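The values are calculated or read from the model by the stated rules, or taken from the named source; none is laboratory data. What you see is a predicted model; the values in this text were computed from it and never measured. In this analysis, Cβ positions are derived from the backbone assuming ideal geometry, glycine residues included, and neighbour counts consider all displayed protein chains. When the accessible area is computed, the model is the full protein with side chains, heavy atoms only, and any ligands, DNA or RNA have been set aside. Shrake-Rupley method; radii C 1.70, N 1.55, O 1.52, S 1.80 Å.
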Amino acid sequence: MATVTDYLNPKDLSHLANHQVLAKRVVEGFCSGLHRSPHKGFSVEFKQHRQYVPGDEIRHLDWKVYGKSDRFYIREYEEETNLRCNILLDASGSMAYEGTRTKGRSKLHYASRLGACLSYMILKQTDSVGLVTFDTKIRKVLPPRGRAAHVGNIIDVLEDTSPGGETDLGAVFHELVPKLKRRGLVVIISDCFGDLDSVMNGLAHFRHAKHDVVIFQIWDPDELDFPFKQWTRFDCLEMAEKKHTVDPTHLRQAYLENLENYRENFTKGCYRNRIDLVPMTTDQPYADALSYYLALRKRGGRPSRK
Amino acid sequence: MNFLNLGLAFGAAAVVIPLLIHIFNRSRFKVVTWGAMHLLESVLRVNRKQVQLEQIILLIVRCAIPILLALCLARMVVTDWGPFLHRIILPLAALAFLILVALAPSLKKLFGTLSAACILYAIAAEAGIFGGGYEKKNVSSDSTDIAASTVILLDDSFSMNADGGFAKAGAFTEGFLKNLKKGSDASVVRMGGSASPIFAKPTSETEALGERSGQLKASYDKVDLIGSLDAGIATIHEGRNAKREIILVSDFRKADWEKTGGALATLKERLDNEPLKPAITLIDVGGSARENVSVDSIELSATSIGVGQKVLVRAELRNHGSSSYEGDLQVRLLVNEELNPVDETVVTLNPGETGQVLFTHKFTEAGSTVVTIEIGASDALDDDDRRSASVTVLDRIGVLLVDGSPSEEWLSGETDFLKLALTPFEEAKIKNSVETKDLIDASVVRLANFDPAKHLDGNQSVLVLANVSSLEDEQISALSSFVRNGGGMWLALGDKVDADWYNEILGSETNDLLPLPLRNIGGSLSDDSVRTRVVASHFEHPALSLFNDRRNGNLADADLWRWHRLGESDGTGTQDATVLARLETGDVFLAEKKVEKGIVIQMATTVDGDWTNMPVRSCYLPLVQQIASYLADQVTPPRNLPAGATLTHYLPQKEAGKTLNVTSPDGSTHTVKAVKRGSQAVAEFSNTRKPGTYQMDGEEGSSVKFVTNASPRESQLDRMSEEEIRESTNALADSIDFIDASEKDALAQYLELDGARTFGRETWKILLGAVLALVLLELILQRIFGRVRT
């Protein structure tokens, strides 16, 4: 039975204590006026006046302004709403990779701890968080809950998750979108390996459903600098029959070029879809990268395209 | 293609090292379970073939490096560019095109085709399917541009002095050697008499060699053509350079090149087997001089002569030229090479004629003496105007007569006649003067008193056993060692002789002093009808050759009544005895046997008048004198020798270990050590290439003179024409260059000729360059092949 402290390091948590996961876009309130808001009696803070256009509800007219200026103005309010966050954890075979420099810390291991940390932080600010694990298909779904004790459930699921199966992010995302009924924050923790177009389609689907999407892309340092020297047989983690014996020194440059290309395309795609892409390497403490990202987000910025 | 250091070519086996590393690397791979396979696979899809090509290229480059390095260190020499092109250049070109395929994939079809074409062309050319345009095009190399290994065969026989031929030869040799390119090695072999290189091994100090060559003198015997060519080929075989040549500088006298065909064919075979065939150049420096008069031979009537005895010196003169001497050719006789002649005369000698001069001379001093005949003619060659001979002038020849049947009565003892005949002057009580001095000093001892230790002292050269019945064992062993050390023994038989003792003891295997075994006694003292005589045939033997001239007496004058029949072997045994004379009955009269250094002569009858009337015939005195001098003469080895022969001098055993000084004709002195050989000491000296007088001086001041003479053929100045030279040398090699130096400078002509010649060329520079280029290429390719391709 996993304990909370296995997944949540007090040092990391204290590092992140002052950060709050704010959905950058107002998840529900932004659309008020287009759909009926289900949230009534919430604290309402005046934001601005807007000229009346036909079709606006009459009850929102500010009669006092009409009395003074003889014009119709609508009062607009900024609404606070509960953040509903879904953490999507990739548990495909490729996440099992652990390099020479990250012995005992596979990408999944790193991703689980990152997920647990995020859940804890979200629950701490009294928002609700849920967890979905997947590989080719969705494996397990834990719906968002706001109770503080929910972190225990999340950690239990993380504990039970072991890597395996192929990655098919596009299909999984398409399958997942209808299941997330309420708009909210979607945090994807994955290496995002797979066909780029399919992945981008899936992400676009999330965006279409007005979700705010953040991708924590997990890299092993070996995958970034390809440090192999001697003759090597590369056995695929996802498909056992794929094996290639090559001299890596001859391939390194081409591999790095290919990697760079892939990352650039991926970054561009994310940018186009207004998705935050946060690359993380398993040899860096996730708290650092997370804290940087959260600080950036609080200021209202986005991670740079690169 | 050949190699100067063949052994190092096997270093090419190092090619397995990169191959093994490659195979080892491939077999020892690491396994990585890899996640980002989609990134890797797309790279592999595009690059797999390219990477394989690059790896093959790198492998070929790495394998080529040790191969080319090995060829470079082995100092590969190409004699024709063809194999070099299709074994080295074309494969390298194919490799270059393959690299271009890897570097410019867009043009890979073009470069791939070119690469394959190179390989196919090389294979086809190697298989001999077609030769291409380059086949048999030799590699050219200018003489002054590249280092060469050269052997100069320099004729220094004295005929080279005619018309200043040797001066030209010396100038050519010196000039050639001093102009050689650095790194060359050369050897000069002097051909006169016997092949004699200036330095034992080829030297790279060619300037010093040139200087030495310029100081040489031509005063040697007829050229040793075959020996010199043999030495030249052996030397050139060891040459350090690819360019090799043999230059023969001579005056091409007909006499030098006679009867050389068979030996030249053998040499041609050796030349053909040489991996790097030397070029052969003949340089004719001879002039057209023909006027020459020479002393062809000198003969003495005896090589051992007593003081005061007359000796006949006969010399043969020959006029090789066309000018005639009508009683105005001066001939002088010199003794011991003193300036003033002891006798002189003038002779007539017409063109092409051979004439003889005869001198008589009496020596007044004992010792080793040189007699020289000299002619005063102004002709082309000076060296053949004089010829010498060494003669040993003896004071007395000691002869010990052992009388086996002594008698008090005058002329009744067994040796009385013999003693009288050997020392006629002494017996006649004639006053002792030089003219009337006996050469032989004979002393008689009775058999009963014979004590070898006492009587056989160093003064006795000959021992005569006259009618001796038998001897004691100690006496026999003393006799045996006396004969084996060069003494002469004369066995005269008679009625006292114990035939069984002679056959069994004297003729036993250990003593072996009996030429022929004794059988029975022939003839009768009473019956006149069985008398016999010596057959007076032509005698070949020197002891009897005097009787070929009937004026000196006739052996057939004497009658023999009795004689021992001597058993001649039937031809199956080891017969080492020579029969010198026979009786009319067919029995042996005189037989001779050489016993190591000594000689035993056996006479079948008595030396006194008991069995024959020979002692009272005129032939008796010369016969016994001749036999005694012949036996005494054999003690010394010959002292008149052809040039180049080894001088041998015997000394008493006690002289072993002592050094003797040898003075050569050119005045230089050498020392030789007398070494013990058997029961004697022997001093030998073999550096006698120069004709002339060699004097060997012992520590006690006793000196021995030896004379070496050049061949009389060297005086014949008939020269070969160029056609004749080419015809003669065809047997040696197919292509020989010929330079006639009679009008134009030989060196200038040679350089002109050499510029047009071709030799094998060393390729180490090209190969080393290729190795360095490949090493650099390997580094560059390794970098380039790691570059980006998506």
Do any of B:181/B:201; B:30/B:109; B:419/B:594; B:182/B:765 go past 27 Å between their Cα atoms, and which?
-> B:30/B:109
Select from B:406, A:295, B:233 the residue farthest towards the positive end of the dipole of the protein assembly as shown; place +1 on Cβ of Lys and Arg, -1 on Cβ of Asp and Glu, and compute about the Cα centre.
-> A:295
Mind running the shape call on segment B:147-191? Use the C-alpha gyration tensor, a ≥ b ≥ c as the square roots of the eigenvalues: rounded below 1.5 for a/c, prolate if a/b tops b/c, oblate otherwise.
-> oblate
Which residues' amide hydrogens lie under 5 Å from the amide hydrogen of residue B:490, considering only partners 5 or more residues apart or on another chain, with H built in the peptide plane?
-> B:463, B:464, B:465, B:601
Of all the Cα-Cα pairs you can form in chain B, what percent are over 50 Å apart?
-> 44
Rg and Dmax of the protein assembly as shown, Cα atoms, in Å?
-> 60.4, 207
So if R0 is 41 Å, what FRET efficiency would residue B:59 and residue B:146 give, r being the distance between their Cβ atoms, rounded to the nearest 0.05?
-> 0.70
Hits among lysines - C-alpha to C-alpha of residue B:362 under 19 Å, sequence gap 8 or more where chains match | B:310, B:431, B:437, B:705
To the nearest 100 Å², how much accessible surface do chains B and A cover up together, summed over both, with a 1.4 Å probe?
-> 3100
From phi via Karplus (6.51, -1.76, 1.60), per-residue ³J(HN,Hα) for segment B:48-60 in Hz, x at Gly/Pro | 3, 5, 4, 5, 4, 4, 5, 5, 5, 4, 4, 5, 4
Simple spin-label model, 7 Å along Cα-to-Cβ: residue B:498 to residue A:101 in nm?
-> 12.2
Have a look at A:256, B:566, B:471 and report the one farthest towards the positive end of the charge dipole of the protein assembly as shown, computed about the Cα centre with Cβ charges (Lys/Arg +1, Asp/Glu -1).
-> A:256
Reachable lysines from residue A:68, Cα under 25 Å, same-chain residues fewer than 8 places away excluded?
-> A:47
Dividing the helical contributions, -39500 (n - 2.57) per DSSP H run of n ≥ 4, by the residues of the protein assembly as shown yields a 222 nm value, nearest 500 deg cm²/dmol, of -9500 deg cm²/dmol
Dipole of the protein assembly as shown, positive end: most advanced residue of B:76, B:712, A:95 [Cβ charges, Cα centre] | A:95
Under a plain spin-label model, where a point goes 7 Å from the Cα along Cα-to-Cβ, how far apart in nm are residue B:548 and residue B:531?
-> 3.0
Accessible heavy-atom area order of B:673, A:181, B:30, B:419, highest first, probe of 1.4 Å | A:181, B:673, B:30, B:419
Give me the compactness ratio for segment B:640-709, meaning the Cα radius of gyration over 2.2 N^0.38 Å.
-> 1.04
Take the alpha carbon gyration tensor of segment B:1-114, find the square roots of its eigenvalues, order them as a ≥ b ≥ c, and report rounded if a/c is under 1.5; if not, report prolate when a/b exceeds b/c, else oblate.
-> oblate
Taking a straight Cα-to-Cα line shorter than 20 Å from residue A:179, and setting aside same-chain aspartates and glutamates fewer than 8 residues away, one finds A:28, A:90, A:127, A:135, A:168, A:212
Taking the Cβ of residue B:342 as the centre, find all other residues whose Cβ is under 12 Å away and add up their charges (Lys, Arg: +1; Asp, Glu: -1).
-> -3
With residue B:606 itself left out, Lys, Arg at +1 and Asp, Glu at -1 over residues whose Cβ is under 9 Å from its Cβ give -3
For segment B:58-116, what does the alpha-carbon gyration tensor say about shape, rounded, prolate or oblate, given a ≥ b ≥ c as the root eigenvalues, a/c under 1.5 as rounded, and a/b over b/c as prolate?
-> oblate
Taking N as its residue count, the alpha carbon Rg of segment B:397-633 over 2.2 N^0.38 Å = 0.95
In order through segment B:725-741: 3J(HN,Hα) via Karplus (6.51 cos²θ - 1.76 cosθ + 1.60), integer Hz, x for Gly, Pro = 5, 4, 5, 5, 7, 4, 5, 8, 7, 6, 10, 10, 8, 10, 10, 9, 8
Over all viewing directions the Cα convex hull of segment B:312-387 casts an average projected area in nm² of 5.1
Treat every Asp and Glu Cβ in segment B:312-387 as -1 and every Lys and Arg Cβ as +1, leave all other atoms uncharged, and give the resulting dipole magnitude about the Cα centre to the nearest 20 debye.
-> 300
With all protein chains present and a 1.4 Å probe, the order of B:338, B:722, B:714 from largest accessible area down is B:338, B:722, B:714
Counting only heavy atoms of protein chains, what accessible area per residue, in Å², does chain B have with a probe of 1.4 Å?
-> 45
Rounded FRET efficiency, nearest 0.05, which uses the C-beta distance separating residue A:6 from residue A:141 and R0 of 22 Å = 0.45
Carbon and sulfur atoms account, in whole percent of the 1.4 Å probe accessible area of segment B:327-484, for 45
Counting Lys and Arg as +1 and Asp and Glu as -1, each charge on the Cβ, what is the dipole of chain B about the Cα centre in debye, to the nearest 20?
-> 6400
How much length is gained on full extension from residue B:49 to residue B:324, taking 0.36 nm per residue of separation minus their Cα-Cα distance?
-> 89.2 nm
What is the projected area of the convex hull of the Cα atoms of segment B:172-245, averaged over all directions, in nm²?
-> 4.7
